[in-house]
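Coordinate-derived values only; no laboratory data. Predicted model only: the values in this text are computed from it and were never measured. With ideal geometry, Cβ positions are generated from the backbone for all residues, glycine too; neighbour counts draw on all protein chains shown.
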Amino acid sequence: MRSLLDALDLYRRLIGMQIRSELAYRTSFVLGILAQGLNNLAEFATLAMILSRFEGIGGWSLREVAFLYGMVSAAFGLMDLIFSAFDPGTFGLDVRRGTFDRLLLRPTNVTLQVLGSKFLLRRLGRIGQGIAILAVAAPRVSWTPLKVLYLPFVVISIVLFFGALFIIGSTITFWTVESVEAINILTYGGTEMMSYPMHIYGRGLRRFFTYIVPAIFMNYYPALYFLDMPDPLGSPPYMAFLAPLAGIGMMAVALAFWNYGIRHYASTGS
Amino acid sequence: MRLFWRLIRQSFRLQLTYRAANLAGLATNFFFGLLRAAVLTALYGARTSVAGLTLQDAVTFTGLSQATIACLSFFGWYEVADSVYTGEIAADMLKPMGYFSYWLARDLGRAGASFLMRAVTMMLAYALVFDIVAPRTAGHWVLLGLSLLLSVVVSFCWRFLVNLGAFWTPEARGLIRLAFGASWFMSGFLMPLRLFPDWFVRICNLTPFPAMVNTVIEVYLGVLSGPALLRALLGQVFWIAILTALAQLILRAGVRHLVIQGG
């Protein structure tokens with residue numbers, strides 16, 4: 001208990017430091033938030049224009065897609081905020097330059113130090129955009145207490161899911177040094193793919209994102225439940241509630257791999 | 001001019017050496033292509049043609065837009081800004097050719113290599129998976145080549161121009177990122193511009209962005225003919241002229257600024 005509290009306190013102080021240093025360049029910070037928010041908003045605006053021309057996609061209306069999109073976008077932004085330091089692209093640089101080695105010398109938990117080494121507050125732009133879109137889509141949902149209660153769990157599950165992909169991608173750089181492009185496909189490709197109802201994809205793609213990378217449990221099945229929509233593929237209704245399980249499972253696998261990676265870590269020597 | 005050619009060749013050969021990185025990039029492009037093809041197929045549903053584009057055209061579009069990414073350095077290009085920050089620009093300025101032409105030559109070489117490794121390969125891979133359309137006559141291919149070359153130059157001018165921000169502020173990366181974001185939405189890279197509402201297309205046409213992607217894609221698909229085709233190609237030339245002039249003007253002011261600061 002004692003050590004957990006210490007760890008939390010250390011984490012809080014590390015993050016505080018990151019936030020203060022980011023706020024030191026105020027103009028850059030505001031521009032950064034704006035750039036993120038605007039880019040994502042423009043992305044959604046193009047989607048909205050196309051969807052209204054085609055009157056929806058795969059039987060889903062613009063509002064229904066917006067719900068899915070907002071949920072995934074806000075959750076991905078939140079993940080990108082918390083797990084900034086595990087972004088495989090920048091983490092690979094730390095491994096190459098040897099800055100990661102420094103963390104290993106300090107007498108405290110490495111994972112915690114990595115988590116606390118970066119906290120990109122400008123991701124708030126994307127989180128804000130996701131929440132705004134979710135709010136616009138919210139009237140489409142006939143809310144029940146259970147739905148209200150379950151939504152945060154789904155968001156946290158998506159955070160864990162993408163966080164796990166980031167950690168796996170970073171661990172791979174222990175061996176490859178360079179960031180591995182395949183992970184970008186899963187993270188950035190994954191967010192785009194998860195923004196659409198997944199029954200529109202072919203069987204191969206859907207199977208891959210069910211059995212190998214369980215993305216379909218994070219967005220599609222929960223969205224069916226929130227929107228009270230039938231699954232054209234006829235999945236049982238309890239599938240909607242597997243998101244937390246899949247999220248925690250992914251994170252457990254990722255952390256196990258990460259710890260294995262640290263135990264076998266051989267520095268680049270630079 | 002001989003120097004210009006040599007730089008192009010050198011940069012071409014340099015880019016050809018990054019085989020692993022290009023292969024990985026190709027895989028990503030291919031995945032995103034598949035994704036967008038599935039989305040467009042679902043959007044079309046039972047429709048056979050929308051705004052003059054058949055579903056086959058639309059699927060071909062997803063391949064083309066991914067094939068041009070590397071050629072046009074569409075996801076970010078900070079080389080000029082970086083050379084200002086590292087001070088390499090001082091050595092580049094001493095070279096016996098204009099700073100703009102120096103970078104243009106390097107970029108053309110890079111684009112040429114990317115064309116072979118990322119664009120041609122991408123379309124070949126696409127042809128294996130999908131039933132795509134392709135130009136049928138030699139004249140069509142020639143026009144396509146011309147339009148693609150012009151695209152690369154328009155895109156280069158735009159990238160060079162926004163990179164010049166580095167002369168004035170040490171935080172130009174944010175500005176450049178914003179500029180790239182704008183080009184994704186308004187160039188017809190995410191979706192063919194024809195599928196957007198008219199008012200939006202009209203706004204886009206006031207910018208150089210459609211001349212980077214949309215024009216070359218429409219030339220490939222053969223949806224333009226006669227005067228419309230000529231107008232599209234002249235539009236590309238027009239934007240090259242405007243952006244080049246602007247870039248030269250700002251570059252001159254920037255260099256003066258840089259020297260005043262002590263370089």
Study note, to complete from the structure: Whole-number value, in Å³ per residue, for the convex hull of the alpha carbons of the protein assembly as shown is 172 Å³
Check your understanding: What is the distance in Å between the Cα centres of the range B:201-263 and the range B:130-147?
Key -> 22 Å
Revision key, fill the gap. Given Cβ charges of +1 for Lys and Arg and -1 for Asp and Glu, the option among A:45, A:60, A:84 whose Cα lies farthest towards the positive end of the dipole of the range A:22-85 is A:45
Review point. Taking the Cα-to-Cβ direction at residue A:245 and at residue B:140 and moving 7 Å from each Cα, how far apart do the two end points lie in nm?
Key: 5.3 nm
Review point. Using Cα pairs under 8 angstrom and six or more residues apart, how large is the relative contact order of chain A, in percent?
Key: 26 percent
Exercise for review: With unit charges on the beta carbon (Lys/Arg positive, Asp/Glu negative), name the residue among B:238, B:52, B:75 whose Cα is farthest towards the positive pole of the charge dipole of the protein assembly as shown.
Suggested key: B:238
Review point. Using Cα pairs under 8 angstrom and six or more residues apart, how large is the relative contact order of the range A:68-124, in percent?
Key: 53 percent
Point to revise | Backbone HN-Hα couplings from phi across the range B:149-160 [Karplus 6.51/-1.76/1.60, Hz, Gly and Pro as x] | key: 4, 4, 4, 4, 5, 4, 4, 4, 4, 5, 5, 4
Practice item. Sort chain B into rounded, prolate or oblate with this rule: let a ≥ b ≥ c be the square roots of the eigenvalues of the Cα gyration tensor; rounded if a/c is under 1.5, and if a/c is not under 1.5, prolate when a/b is larger than b/c, oblate otherwise. Key: prolate
Practice item. Round to the nearest 0.05 the FRET efficiency obtained for residue A:211 and residue A:175 when R0 = 22 Å and r is the Cβ-Cβ distance. Key: 0.30
Review point. For chain A, with only Lys/Arg (+1) and Asp/Glu (-1) charged at the beta-carbon, what is the dipole magnitude about the Cα centre, in debye rounded to 20?
Key: 480 debye
Exercise for review: Hey, for a label at residue A:96 modelled as a point 7 Å past Cα toward Cβ, could you say which residues of the range B:104-145 have their backbone N under 13 Å away?
Suggested key: none
**Study point:** Value of [θ]222 nm, deg cm²/dmol, for chain B, DSSP H segments ≥ 4, -39500 (n - 2.57) each, nearest 500
**Key:** -23500 deg cm²/dmol
Check your understanding: Extent of the range A:2-263 along each principal axis, from alpha carbon coordinates, in Å, largest to smallest?
Key -> 56, 42, 38
**Study point:** Centre separation in Å (Cα based) which lies between the range B:44-90 and the range A:224-270
**Key:** 31 Å
Check your understanding: Given a Förster radius of 41 Å and the C-beta distance between residue B:205 and residue A:135 as r, what FRET efficiency does 1/(1 + (r/R0)^6) yield to the nearest 0.05?
Key -> 0.80
Check your understanding: What percent of all Cα-Cα pairs in the range A:148-270 falls in each 5 Å bin, counting up from 0?
Key -> 2, 10, 20, 21, 18, 12, 8, 5, 3, 1, 1, 0
Study note, to complete from the structure: Quick calc, the protein assembly as shown, dipole around Cα centre from Cβ unit charges on Lys, Arg (+) and Asp, Glu (-), nearest 20 debye, gives 780 debye
Exercise for review: With label points built 7 Å along Cα→Cβ from the Cα atoms of residue A:17 and residue B:238, find their separation and express it in nm.
Suggested key: 5.6 nm
**Study point:** Phi-based couplings in Hz for the range A:117-125 (Karplus 6.51, -1.76, 1.60; Gly and Pro marked x)
**Key:** 7, 8, 8, 7, 4, 5, 5, 3, x
Check your understanding: Over the range B:2-260, what is the mean sequence separation of C-alpha contacts under 8 Å (at least six apart), divided by residue count, expressed as relative contact order in percent?
Key -> 26 percent
Check your understanding: How high is the FRET efficiency between residue B:91 and residue B:246 when r is their beta carbon distance and R₀ equals 30 Å, given to the nearest 0.05?
Key -> 0.75
Review point. Could you give the dipole magnitude of the range B:123-263 about its Cα centre, charging the beta-carbon of Lys and Arg +1 and that of Asp and Glu -1, in debye to the nearest 20?
Key: 300 debye
